[in-house]
Structure formats: structure tokens, C-alpha cells
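Just below is one structure, and these are the notes that go with it.
Since every read-out is calculated from the coordinates, none of them should be taken as a lab result. This one's a predicted model, so the numbers in the text were calculated from it and none came from an experiment. Neighbour counts run over all protein chains shown; Cβ positions are idealised from the backbone, glycine included.
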Amino acid sequence: MDEYLTDGYSEPCAQCAAVDWGVSNEGQFFCKNCYNVTEKMREVTDEFTLYIKNSRISRIAKPMKTEKKCAREWMVCEGFQVVLKCQADALVSLGVCLQFKTEVLWNFWTRYLQNTRQAFVSNPISTVDQNSESESETESVVCSEYSFWNGAPSEAGEVKDSGSSTGGRSGSLDALSYSHRVDRKTYNVMTMPRTLALCYLALLWVREAITLADLLRLVKERHVPYLNIHDNFPEDMKLFGRDSLIFRVDSIPSYSTVHKEAVDLAQVMKLPAFPMVSQDCLLHPIPLTVRYLLESNLPDGLLVWVHKVIDEASMGDDSFLTFDPVKQKPALVCYDIQAAAVIIVTMKLLFKLDDRVEWTSSGKAASEKKKKVFNVERWYKVMQPAFERARQKMEREEARQLWKSHKPFITSLKDKSLVFKKRRVVNHLQHRFQKLTDSTPEQQCFTTTAFSSFHFHWGKEQGSDGPSLHQHRLHCTFKKKGVKRLTNRKYWHTVLSVCPPTCSNHFSEIEASLPRMYVWLLDLFSFLLGVSQAQVHKEVLNVERCLMERELLSVSKETPSPKKRTKKPRKI
């Protein structure tokens, strides 16, 4: 049978009565025998037509956002526990003792949860508004995570794991009700800056040689996780809604913020007096001043005078340095800023730093025949270029980290047109930035470089920041009648009166009237510590007050008190 018979047209030709049809290009049937063209058209049944015919137009709807099967509900305190564990693991990998993580920080964390009534109590805050059992679900979650914390089972007799949480909701179950119905200040809720404060308290308890400035620098250089730490959360803990406001942070807290939070947390946890900060502890001002003298390329002979300032101000006493939260007004010493302030006060005692005396004494030291005599002018000429290079390097690194932190945000935007537009802008800025710095963002990364507590390296080696002045001797005394006296006989200082707590810092008001050499020295140590000049100046005033109070006390002891006159009895 002819193939065209299958098309349903088998009529004989009206001209020759033959049944032998062909199809023209226009789709009309024609007789192959007599070439008669009919009006009959062939139905098109190619594959494309069949596909269109059999297809159904369906509405492609965007699927609703649902949780992954592996996601689960979790408490906010459980999220902070993951943050603390990541930070503790990073510090231990940098050389901190394991006791810091397994014993001290864990105990501080559980003590905080108990004192804030989040866990380890019969009626936790998370279940105040609910009709639940006395055993807190929050406490169960926290205790079940003890093995997650340090790989060891939880202590016997505490709390058993209660299993899964309630279903039906996404995100985290807020253990402290971060919603508006709970006052944050009243219940002392945990925040991201407080995680650093808690780590610092634990470091202070084990007497580690990491100051608060060191801790914040580790965070800044990405050695200790803080920014984008939610990326380290387990797969079953997803951020939804308010969780992002709690755990997503885009800036590092300041020194004063973490310091204040540390004092507040110690009072909330009702901690006892901390271990003594004696001279064998590296947080003591004597070893700390040695470190900063090496960092600032000052001569070793200055250490003798630094010790005298510490002794005269009674700043080396264990009772003065040890943190005791039990006191009515507990004071946590800023060990690093205090050590820098002692060095500045010593420099003022020896060289005055009034933009005149230090330069004249430098000229006298340079005119001596003996070599290796320290003078401030040469020290400044060595330090200033290295200081500027270090500052520019830090600014470039901060710009690179800012670029890296914003890149994932841009690529995760929902609007693709906005993504492409921002990508073009970012690529252009990155190209221009690479031309300015002559390097690529991938060439230097804080997470791959080894951490060093020093910003500068002094010596004759290749790559050093300049010649070392540590071995230069001081020429700041003279003998008179067999007694050594300082060549600088006067000492200047600003107003030492203590302002009330509500008063703001006055450094910005008086900065223009201060000697430039003194301001430059404040700037140098503020850079080394990562704090403001005002904070260093404030600590300088504290050291000067201690010196003045001690001097006034010694004068009052040496001055004999006047005898009291006895009144004669009146005659009656």
C-alpha cells in the first residue's frame, strides 16, 4: 500500500481514476499518473506539531520556601554555644592551654546560663509563659551539647537529653525570648560582643599571655572567628528571621565595649576573685612593658626607669592588678594600655616631651664622642617611616577584608539584574584597587599567615623595619655631690581632676594644645594596641594620679603634725 494512503486520502483521481497521490510543497495532493492537482490538503503531523498538540500549558509556580529535611529547631543559647566553641577551638589552635576550653570557658558558660535562668534551673525564663515540665528543654539541649563542646560525656547527675524540640516552626526557639516581651537588660541576654568578653575572662582566669588588645587583633585578622561566624554553624542549624539579626555582625566591637561587657558578665555570673596577677604572670606590667619597649624600638636601659615608675605608683601590687568582681565597684585593669601609659610617663620624666627639651637633649647626645647614645630625634626618624608603612599596610588589609566580606552578600542577591550591575561595579573597583596596591586580594590572607604579636621587626636582617636601638645607652642623668639626678628637672601634665562618669572624654578638646611629640607617641601606642588616642591618654592620667597620690602621701608622712593646744580649765 502506498505510504500516502495512511494519510486518510484514498479517493481515485477524477481524471484517470488512479490512486497514486503525491504531496506538493504547498501540501496539496496531486496525481502522479496524470498530474491532476486536487483541493485536498494534507494534514501536517510532524514531530513539532505532535509535541505542540500533546503538550499542556501548565503554570510553573515558585515552590514555597521550606526547610531542608536536615534542618531542626534550635535555641538561641545553643547558637551562642556553637560560636563560643569555634572561638575556643581557634584560640587553642593558636597555643592557648586546653584547660581554657574544656574547664574554664565551659564552666563560665554554664554558670552564665544558670544565673540568667536560661538553663540549669527548675523554672527557666524560656518556659515561664508555657505550661511545661520543670526540666527545661534549653537545659537539655545545652547539656547534650557537652560532648559537642570538648568530645567528652557530660557529668553524671546533671540533666538527661530530652531529644527533639517542638515542631511546626522554623529557625531558632528563643531561649531568652529575644522578642519585645522580654527586657534584654533585665535578663542579661547574650550578644556577639559578649562572646568575646566571655573568652577574655576565661583567658584572664588561666593567666594566658593574651591581652584584650591581642584578642581583638586576632579577631580582626580572622584568626578567631567572629564576622560571618554563622557559616560555621552545623548543617542542621539554619538562620531564619531574627536569627540573622543576632548572629550576623558586620563590625568588630571596640576595646572599651568588650572591656565593659567583661566586667558586667563577671558580675552576672557572680564570679569569685580571679587568680593573682603576680610578676610571674605575663599580664603583669613589668613583662608587658618589656614587650612594648621591644615593639617600639626603645633602649633596654629604659626598663630600669619603667620599674621605678611602677614601684612609685604602687601599680605592681597583686591587689591592684587582680580582678575581683565581688567588690562593690569592681575594676578590671586594662593591662596592655596601662603598660603603654607607664612607658609614656617614663619618657615624659626623662625627656619631658614638650617639643623643645627632647630635641635639645638629642643634639647634646649626638655631639658626644661615644657611640650608641640614645636620642629622641634619631629614634623618631627610624620609627616614623616604619610606622607609616605599617599603618598603610593595615589599611590595605582592612580594605581587602571588607571586599571579601561583601562579595558573598552581592552574589547572594535575589535580583539577578542587580547582581550583574553590582558585579560590574565591584569588578571595576577591584581592578582599580589592584592597580593602586599592585597586588591581588588572594595574595595576602589573614587566615593563611602566621600570627605574630609584634607589628615591627628591628635589626640588620633582610626585611626588617629598621636598625635596632635596643642596645643604645641612655644619657639622661648627671651626678651632683655623688647623687644621680635627672637632666630633666620639670614634669608637665594636664588637669588630673577626675571627671564624673557622665562626663565625656575631653581629649578632643585639648588635643590641639598638647605637644606634638606627646600626641605622636599616643598615636604610636594607640596603633600598636588598636585603641584610640583618647584611651591611651586617659590611662596616662591614671598613672600620673597614682604617682601624685603616692608623693602627697609620702610628704604627709614626713611632715610632723602640729601639737594640739590644751585648753586651760576655766576658773569658776
Response to the item:
Magnitude of the Cβ-charge dipole (Lys and Arg +1, Asp and Glu -1) of the range 482-545 about the Cα centre, nearest 20 debye, reported as 480 debye
Discussion item. So, R0 is 51 Å and r is the distance between the beta-carbons of D236 and Q384; what FRET efficiency does that work out to, to 0.05?
Written reply: 0.40
Worksheet item: Applying the Karplus parametrisation 6.51 cos²θ - 1.76 cosθ + 1.60 with θ = phi - 60° to the phi angles of the range 472-481, what ³J(HN,Hα) value in whole Hz is obtained for each residue in order, glycine and proline being reported as x?
Response: 6, 8, 8, 10, 10, 10, 9, 9, 9, 6
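Below 15 angstrom from the Cβ of Y200, what's the summed charge of the other residues (Lys, Arg +1; Asp, Glu -1)?
Values: positive: K101, R194, R207, R217, K220, K260; negative: E208, D214, E261, D264, D336.
With Lys, Arg at +1 and Asp, Glu at -1, the neighbours total +1.
Assign unit charges at the C-beta atoms only (+1 for Lys and Arg, -1 for Asp and Glu), then state the dipole size of the range 188-247 relative to its Cα centre in Debye, rounded to the nearest 20.
Details: 7 positive and 7 negative charges, 47 e Å.
Dipole magnitude for the range 188-247 comes out near 220 debye.
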Worksheet item: K479 to W520: FRET efficiency via 1/(1 + (r/R0)^6), r the Cβ-Cβ distance, R0 22 Å, to the nearest 0.05?
Response: 0.10
